[in-house]
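The structure under discussion appears below in the form of C-alpha coordinates.
The values are calculated or read from the model by the stated rules, or taken from the named source; none is laboratory data. If you're wondering where the values come from, they're calculated on a predicted model, not measured in any experiment. Ideal geometry is used to build each Cβ from the backbone, glycine not excepted, and the neighbour counts take in all protein chains shown. Accessible surface is based on the protein model in full, side chains and every heavy atom, while ligands, DNA and RNA are left aside. Shrake-Rupley method; radii C 1.70, N 1.55, O 1.52, S 1.80 Å.
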Amino acid sequence: MERHYAVMGDPIQHSLSPWMHNAGYEALGLDAEYQRFRVEASHLAEAVKGLRALGFSGWNVTLPHKENIVSLLDTLTPQAQRAGAVNTVKIHEGQLIGHNTDGDGFVRSVEEELHGFEGKKAVLLGAGGASKGIALALAEQGMCLHILNRTPEKAKGLAQAIEREGGTASTGEFAPGDWLKDVDLLVQTTSVGLHRESFPFSLEGISKQALVVDIIFNPMETAFLKEAKKLGCRTHNGLEMLLYQGALAWEFWLGGQAPVKEMRQALKNQLFKGMFNKG
Ligand SMILES: NC(=O)c1ccc[n+]([C@@H]2O[C@H](COP(=O)([O-])OP(=O)(O)OC[C@H]3O[C@@H](n4cnc5c(N)ncnc54)[C@H](OP(=O)(O)O)[C@@H]3O)[C@@H](O)[C@H]2O)c1
(Lines give C-alpha, C1' and ligand atoms only; values in the text may rest on other atoms or scores of the structure.)
Protein backbone atom coordinates (compact mmCIF):
# COMPACT_ATOMS: atom_id res chain seq x y z
CA MET A 1 0.00 0.00 0.00
CA GLU A 2 1.41 3.37 -0.97
CA ARG A 3 2.12 5.70 1.96
CA HIS A 4 1.86 9.45 1.64
CA TYR A 5 3.96 12.08 3.41
CA ALA A 6 4.39 15.81 2.88
CA VAL A 7 5.73 19.09 4.13
CA MET A 8 3.46 22.08 4.68
CA GLY A 9 4.59 25.69 5.02
CA ASP A 10 4.44 29.11 3.39
CA PRO A 11 6.60 29.74 1.43
CA ILE A 12 7.45 26.17 0.48
CA GLN A 13 8.75 26.22 -3.12
CA HIS A 14 12.41 26.10 -1.99
CA SER A 15 11.96 23.15 0.38
CA LEU A 16 14.50 20.37 -0.27
CA SER A 17 12.60 17.84 1.87
CA PRO A 18 10.73 16.11 -1.02
CA TRP A 19 14.03 15.28 -2.74
CA MET A 20 15.62 14.05 0.46
CA HIS A 21 12.71 11.81 1.50
CA ASN A 22 11.84 10.49 -1.95
CA ALA A 23 15.50 9.53 -2.52
CA GLY A 24 15.35 7.63 0.78
CA TYR A 25 12.17 5.74 -0.22
CA GLU A 26 13.75 4.85 -3.55
CA ALA A 27 16.96 3.62 -1.88
CA LEU A 28 14.97 1.21 0.31
CA GLY A 29 12.39 0.30 -2.36
CA LEU A 30 9.49 1.65 -0.28
CA ASP A 31 6.11 2.30 -1.83
CA ALA A 32 5.86 5.87 -0.54
CA GLU A 33 5.69 9.40 -1.84
CA TYR A 34 6.55 12.79 -0.26
CA GLN A 35 5.01 16.03 -1.54
CA ARG A 36 5.11 19.69 -0.57
CA PHE A 37 2.08 21.90 0.01
CA ARG A 38 1.89 25.65 0.37
CA VAL A 39 -0.55 26.26 3.21
CA GLU A 40 -1.40 29.81 4.22
CA ALA A 41 -1.64 30.49 7.96
CA SER A 42 -5.41 31.08 7.79
CA HIS A 43 -5.95 27.62 6.20
CA LEU A 44 -3.88 25.51 8.59
CA ALA A 45 -6.79 23.76 10.35
CA GLU A 46 -8.43 22.87 7.02
CA ALA A 47 -5.12 21.55 5.67
CA VAL A 48 -4.66 19.28 8.70
CA LYS A 49 -8.19 17.90 8.27
CA GLY A 50 -7.58 17.47 4.55
CA LEU A 51 -4.35 15.50 4.92
CA ARG A 52 -6.00 13.24 7.48
CA ALA A 53 -9.02 12.70 5.19
CA LEU A 54 -6.72 11.93 2.26
CA GLY A 55 -5.02 9.15 4.22
CA PHE A 56 -1.58 10.75 4.74
CA SER A 57 0.55 8.82 7.25
CA GLY A 58 2.43 11.90 8.43
CA TRP A 59 3.89 15.24 7.45
CA ASN A 60 6.50 17.82 8.29
CA VAL A 61 5.57 21.33 9.34
CA THR A 62 7.67 24.37 8.62
CA LEU A 63 7.34 28.15 8.97
CA PRO A 64 4.95 29.75 9.82
CA HIS A 65 2.99 26.80 11.30
CA LYS A 66 5.33 25.16 13.80
CA GLU A 67 3.69 26.70 16.87
CA ASN A 68 0.14 27.20 15.60
CA ILE A 69 -0.31 23.53 14.74
CA VAL A 70 0.16 22.47 18.38
CA SER A 71 -3.47 23.16 19.36
CA LEU A 72 -4.75 21.08 16.41
CA LEU A 73 -3.03 17.86 17.53
CA ASP A 74 -4.09 15.11 19.97
CA THR A 75 -0.78 14.52 21.77
CA LEU A 76 2.79 15.81 21.80
CA THR A 77 6.04 13.94 22.36
CA PRO A 78 8.36 15.28 25.09
CA GLN A 79 10.56 16.89 22.41
CA ALA A 80 7.58 18.84 20.99
CA GLN A 81 6.39 19.81 24.46
CA ARG A 82 9.85 21.07 25.40
CA ALA A 83 10.20 23.13 22.19
CA GLY A 84 6.59 24.36 22.24
CA ALA A 85 6.69 23.69 18.50
CA VAL A 86 6.12 20.80 16.10
CA ASN A 87 7.99 19.98 12.90
CA THR A 88 6.71 16.40 12.43
CA VAL A 89 3.21 14.92 12.68
CA LYS A 90 2.35 11.22 12.64
CA ILE A 91 -1.09 9.67 12.43
CA HIS A 92 -1.15 6.65 14.70
CA GLU A 93 -4.39 4.73 15.35
CA GLY A 94 -6.35 7.82 14.31
CA GLN A 95 -4.46 10.11 16.70
CA LEU A 96 -2.42 13.08 15.52
CA ILE A 97 0.93 12.99 17.33
CA GLY A 98 3.17 16.08 17.22
CA HIS A 99 6.93 15.65 17.45
CA ASN A 100 9.97 17.87 17.04
CA THR A 101 13.20 16.60 15.47
CA ASP A 102 14.97 19.97 14.97
CA GLY A 103 17.01 19.99 18.17
CA ASP A 104 17.90 16.29 18.20
CA GLY A 105 18.69 16.54 14.46
CA PHE A 106 21.25 19.20 15.28
CA VAL A 107 22.70 17.08 18.10
CA ARG A 108 23.10 14.13 15.73
CA SER A 109 24.74 16.35 13.13
CA VAL A 110 27.60 17.33 15.47
CA GLU A 111 28.02 14.31 17.74
CA GLU A 112 30.62 12.54 15.64
CA GLU A 113 32.92 15.57 15.51
CA LEU A 114 32.34 16.74 19.06
CA HIS A 115 33.19 13.45 20.83
CA GLY A 116 30.79 13.91 23.76
CA PHE A 117 28.73 16.81 25.06
CA GLU A 118 28.75 16.65 28.88
CA GLY A 119 30.30 19.75 30.50
CA LYS A 120 31.51 21.22 27.18
CA LYS A 121 30.88 24.86 26.24
CA ALA A 122 28.52 25.85 23.44
CA VAL A 123 28.07 29.44 22.33
CA LEU A 124 24.93 30.21 20.36
CA LEU A 125 24.71 33.33 18.22
CA GLY A 126 21.01 34.17 17.84
CA ALA A 127 17.92 33.43 19.92
CA GLY A 128 15.19 32.89 17.32
CA GLY A 129 13.08 29.80 16.62
CA ALA A 130 15.92 27.63 15.30
CA SER A 131 18.22 28.61 18.17
CA LYS A 132 15.61 27.57 20.76
CA GLY A 133 15.34 23.97 19.53
CA ILE A 134 19.12 23.63 19.25
CA ALA A 135 19.78 25.21 22.66
CA LEU A 136 17.31 23.01 24.52
CA ALA A 137 18.66 19.84 22.89
CA LEU A 138 22.32 20.74 23.60
CA ALA A 139 21.48 21.60 27.22
CA GLU A 140 19.76 18.24 27.58
CA GLN A 141 23.02 16.62 26.46
CA GLY A 142 24.77 18.39 29.36
CA MET A 143 26.46 21.24 27.49
CA CYS A 144 26.90 24.63 29.23
CA LEU A 145 25.39 27.30 27.00
CA HIS A 146 26.26 30.94 26.44
CA ILE A 147 23.71 32.80 24.30
CA LEU A 148 24.39 36.06 22.46
CA ASN A 149 21.64 37.86 20.57
CA ARG A 150 21.29 41.28 18.95
CA THR A 151 18.15 41.78 21.08
CA PRO A 152 19.44 40.82 24.55
CA GLU A 153 15.97 40.23 26.10
CA LYS A 154 15.41 37.29 23.76
CA ALA A 155 18.71 35.70 24.78
CA LYS A 156 17.75 36.13 28.44
CA GLY A 157 14.32 34.56 27.84
CA LEU A 158 15.92 31.57 26.16
CA ALA A 159 18.50 31.16 28.94
CA GLN A 160 15.68 31.19 31.51
CA ALA A 161 13.77 28.54 29.53
CA ILE A 162 16.89 26.35 29.56
CA GLU A 163 17.36 26.77 33.29
CA ARG A 164 13.70 25.88 33.91
CA GLU A 165 14.44 22.58 32.12
CA GLY A 166 17.39 21.96 34.47
CA GLY A 167 20.14 23.12 32.05
CA THR A 168 22.93 25.67 32.46
CA ALA A 169 22.87 28.88 30.40
CA SER A 170 24.26 32.40 30.53
CA THR A 171 23.96 35.39 28.21
CA GLY A 172 26.30 38.12 27.04
CA GLU A 173 26.73 40.98 24.62
CA PHE A 174 26.38 40.17 20.90
CA ALA A 175 30.09 40.87 20.35
CA PRO A 176 33.50 39.16 20.53
CA GLY A 177 34.70 38.38 24.06
CA ASP A 178 36.55 35.95 26.32
CA TRP A 179 34.10 33.24 25.27
CA LEU A 180 36.05 32.89 21.99
CA LYS A 181 39.05 31.37 23.82
CA ASP A 182 37.41 28.32 25.32
CA VAL A 183 34.37 27.58 23.19
CA ASP A 184 33.98 23.92 22.13
CA LEU A 185 31.01 24.42 19.82
CA LEU A 186 30.01 27.72 18.19
CA VAL A 187 26.65 27.76 16.44
CA GLN A 188 25.59 30.63 14.17
CA THR A 189 21.77 30.57 14.14
CA THR A 190 20.96 34.12 12.98
CA SER A 191 19.78 34.79 9.45
CA VAL A 192 22.89 36.92 8.76
CA GLY A 193 24.64 35.44 5.72
CA LEU A 194 21.53 34.22 3.89
CA HIS A 195 22.11 37.04 1.41
CA ARG A 196 25.91 36.66 1.45
CA GLU A 197 26.36 39.58 3.86
CA SER A 198 29.34 39.60 6.23
CA PHE A 199 28.88 38.79 9.93
CA PRO A 200 28.64 41.82 12.29
CA PHE A 201 31.85 40.89 14.18
CA SER A 202 35.11 38.99 13.74
CA LEU A 203 36.01 35.63 15.32
CA GLU A 204 39.69 36.61 15.68
CA GLY A 205 41.15 34.81 18.73
CA ILE A 206 38.80 31.79 18.60
CA SER A 207 40.12 28.49 19.97
CA LYS A 208 41.34 26.27 17.12
CA GLN A 209 39.72 23.32 18.95
CA ALA A 210 36.26 24.77 18.30
CA LEU A 211 33.77 23.14 15.98
CA VAL A 212 31.99 26.00 14.19
CA VAL A 213 28.58 25.46 12.60
CA ASP A 214 26.49 27.89 10.58
CA ILE A 215 22.97 26.49 10.26
CA ILE A 216 22.55 28.28 6.93
CA PHE A 217 23.15 25.88 4.00
CA ASN A 218 22.41 28.13 1.04
CA PRO A 219 24.92 29.68 0.40
CA MET A 220 26.91 26.59 1.36
CA GLU A 221 29.71 28.64 2.92
CA THR A 222 28.79 31.94 4.54
CA ALA A 223 31.37 34.67 5.22
CA PHE A 224 31.10 33.60 8.90
CA LEU A 225 32.14 30.01 8.09
CA LYS A 226 34.88 31.16 5.73
CA GLU A 227 36.44 33.21 8.52
CA ALA A 228 36.21 30.34 11.05
CA LYS A 229 37.91 28.02 8.56
CA LYS A 230 40.65 30.58 7.89
CA LEU A 231 41.25 30.81 11.64
CA GLY A 232 41.91 27.04 11.77
CA CYS A 233 38.57 25.73 13.10
CA ARG A 234 36.65 22.70 11.87
CA THR A 235 33.45 23.91 10.21
CA HIS A 236 30.23 22.68 8.72
CA ASN A 237 27.06 24.24 7.35
CA GLY A 238 23.37 23.59 8.08
CA LEU A 239 22.90 20.82 5.54
CA GLU A 240 23.65 18.14 8.13
CA MET A 241 21.05 19.60 10.51
CA LEU A 242 18.46 19.55 7.72
CA LEU A 243 19.46 15.98 6.88
CA TYR A 244 19.23 14.64 10.43
CA GLN A 245 15.95 16.38 11.32
CA GLY A 246 14.61 14.65 8.20
CA ALA A 247 16.20 11.31 9.12
CA LEU A 248 14.69 11.46 12.63
CA ALA A 249 11.25 12.34 11.16
CA TRP A 250 11.60 9.34 8.83
CA GLU A 251 12.46 7.06 11.75
CA PHE A 252 9.51 8.43 13.78
CA TRP A 253 7.16 7.55 10.90
CA LEU A 254 8.63 4.34 9.57
CA GLY A 255 10.92 2.91 12.27
CA GLY A 256 14.32 1.44 11.36
CA GLN A 257 17.19 3.58 10.14
CA ALA A 258 16.84 6.23 7.48
CA PRO A 259 19.26 5.86 4.54
CA VAL A 260 21.22 9.03 5.36
CA LYS A 261 23.87 8.53 2.68
CA GLU A 262 21.33 8.61 -0.15
CA MET A 263 19.31 11.38 1.50
CA ARG A 264 22.44 13.55 1.89
CA GLN A 265 23.38 13.01 -1.76
CA ALA A 266 19.88 14.02 -2.89
CA LEU A 267 20.11 17.25 -0.87
CA LYS A 268 23.49 18.10 -2.37
CA ASN A 269 22.32 17.32 -5.92
CA GLN A 270 19.31 19.57 -5.51
CA LEU A 271 21.34 22.40 -4.03
CA PHE A 272 23.83 22.25 -6.92
CA LYS A 273 20.96 22.23 -9.41
CA GLY A 274 19.49 25.32 -7.71
CA MET A 275 22.84 27.10 -8.05
CA PHE A 276 22.99 26.45 -11.79
CA ASN A 277 19.36 27.45 -12.26
CA LYS A 278 20.15 30.83 -10.71
CA GLY A 279 22.54 31.34 -13.62
N1 LIG B 1 19.73 24.02 8.66
C2 LIG B 1 18.48 23.96 9.00
O3 LIG B 1 17.89 22.89 8.98
C4 LIG B 1 17.77 25.21 9.47
C5 LIG B 1 16.57 25.08 10.17
C6 LIG B 1 15.91 26.24 10.60
C7 LIG B 1 16.44 27.50 10.31
N8 LIG B 1 17.61 27.59 9.61
C9 LIG B 1 18.19 28.93 9.34
O10 LIG B 1 18.38 29.58 10.59
C11 LIG B 1 18.26 30.98 10.46
C12 LIG B 1 17.35 31.54 11.54
O13 LIG B 1 16.05 30.99 11.42
P14 LIG B 1 14.96 31.22 12.58
O15 LIG B 1 13.79 30.42 12.18
O16 LIG B 1 15.56 31.01 13.93
O17 LIG B 1 14.64 32.77 12.39
P18 LIG B 1 14.04 33.80 13.48
O19 LIG B 1 13.22 33.11 14.49
O20 LIG B 1 13.44 34.89 12.67
O21 LIG B 1 15.35 34.39 14.24
C22 LIG B 1 16.27 35.20 13.55
C23 LIG B 1 17.52 35.42 14.41
O24 LIG B 1 18.49 36.14 13.63
C25 LIG B 1 18.85 37.34 14.32
N26 LIG B 1 19.16 38.39 13.35
C27 LIG B 1 18.47 38.70 12.22
N28 LIG B 1 19.09 39.70 11.56
C29 LIG B 1 20.18 40.05 12.30
C30 LIG B 1 21.22 41.02 12.15
N31 LIG B 1 21.26 41.84 11.09
N32 LIG B 1 22.20 41.07 13.07
C33 LIG B 1 22.18 40.22 14.14
N34 LIG B 1 21.21 39.29 14.35
C35 LIG B 1 20.23 39.21 13.44
C36 LIG B 1 17.64 37.67 15.17
O37 LIG B 1 18.03 38.56 16.21
P38 LIG B 1 16.94 39.52 16.93
O39 LIG B 1 16.26 38.65 17.97
O40 LIG B 1 17.76 40.59 17.51
O41 LIG B 1 15.99 39.99 15.86
C42 LIG B 1 17.26 36.26 15.67
O43 LIG B 1 18.13 35.84 16.70
C44 LIG B 1 17.78 31.22 9.03
O45 LIG B 1 18.89 31.60 8.27
C46 LIG B 1 17.28 29.87 8.58
O47 LIG B 1 17.46 29.70 7.18
C48 LIG B 1 18.29 26.47 9.19
Over all distinct Cα pairs, what is the inverse of the mean 1/r for region 218-279, reported as the Kirkwood hydrodynamic radius in Å? 13.4 Å
So, taking all protein chains as they sit and a 1.4 Å probe, how much accessible area belongs to Trp253, in Å² rounded to tens? 20 Å²
Might you work out the accessible area of His14 for me, using a 1.4 Å probe with all protein chains in place, and round it to the nearest 10 Å²? 150 Å²
Would you tally the net charge around Ala127, using a Cβ to Cβ cut-off of less than 11 Å, leaving Ala127 out, and scoring K and R as +1, D and E as -1? +3
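For Ser198, Ser17, write out the residues from largest to smallest accessible area, computed with a 1.4 angstrom probe and no ligands counted.
My answer, sorted largest first, is Ser198, Ser17.
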Taking 0.36 nm per intervening residue step and subtracting the Cα-Cα distance, what contour gain separates His195 from Glu221 on full extension? 8.2 nm
Residues with amide H under 5 Å from that of Phe199, placed H, sequence gap 5 or more: Phe224
Taking the inverse of the average 1/r across all pairs of different Cα atoms in region 103-237, what Kirkwood radius in Å do you get? 14.5 Å
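Quick one: ranking Asp104, Asp214 by accessible area, 1.4 Å probe, largest first, what do you get?
My answer, sorted largest first, is Asp104, Asp214.
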Across Phe37, Phe201, Phe174, the residue with the highest GNM fluctuation in the chain (Cα network, 10 Å cutoff) is Phe201
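For Asn68, what charge total do you get from the other residues with a beta carbon under 14 Å from its beta carbon, if Lys and Arg give +1 and Asp and Glu give -1?
Charge balance in the 14 Å sphere: -3.
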Please state the charge dipole magnitude for the chain, taken about the Cα centre, from unit charges on C-beta atoms (+1 on K and R, -1 on D and E), reported in debye and rounded to the nearest 20. 540 debye
Quick one: order Lys90, Lys132, Lys154 from most to least accessible surface, probe 1.4 Å. Lys154, Lys132, Lys90
What number, rounded to the nearest 500 deg cm²/dmol, is the helix-based mean residue ellipticity at 222 nm of the chain, given -39500 (n - 2.57) per DSSP H run of at least four residues and division by all its residues? -12000 deg cm²/dmol
Can you grab the distance from the C-alpha centre of region 125-179 to the C-alpha centre of region 9-41, Å, no decimals? 31 Å
Using Cα-only point scatterers and the Debye equation, what is log10 of I(q)/I(0) for the chain at each q in 0.07, 0.08, 0.11, 0.12 Å⁻¹, rounded to two decimals? -0.25, -0.33, -0.64, -0.76
Taking the alpha-carbon distance from Lys273 and a cut-off under 25 Å, which lysines remain once sequence neighbours fewer than 8 residues away in the same chain are dropped? Lys226, Lys261
For region 1-160, the per residue accessible area (1.4 Å probe, Å²) is 47 Å²
Gaussian network model of the chain, springs between alpha carbon atoms under 10 Å - residue of Ala83, Ala161, Ala127 with greatest fluctuation: Ala161
Length released on extending from Lys208 to Ala45, taking residue separation times 0.36 nm less the Cα-Cα span: 53.8 nm
Among Gly172, Gly256, Gly129: highest mean-square fluctuation, GNM of the chain, C-alpha pairs under 10 Å: Gly256
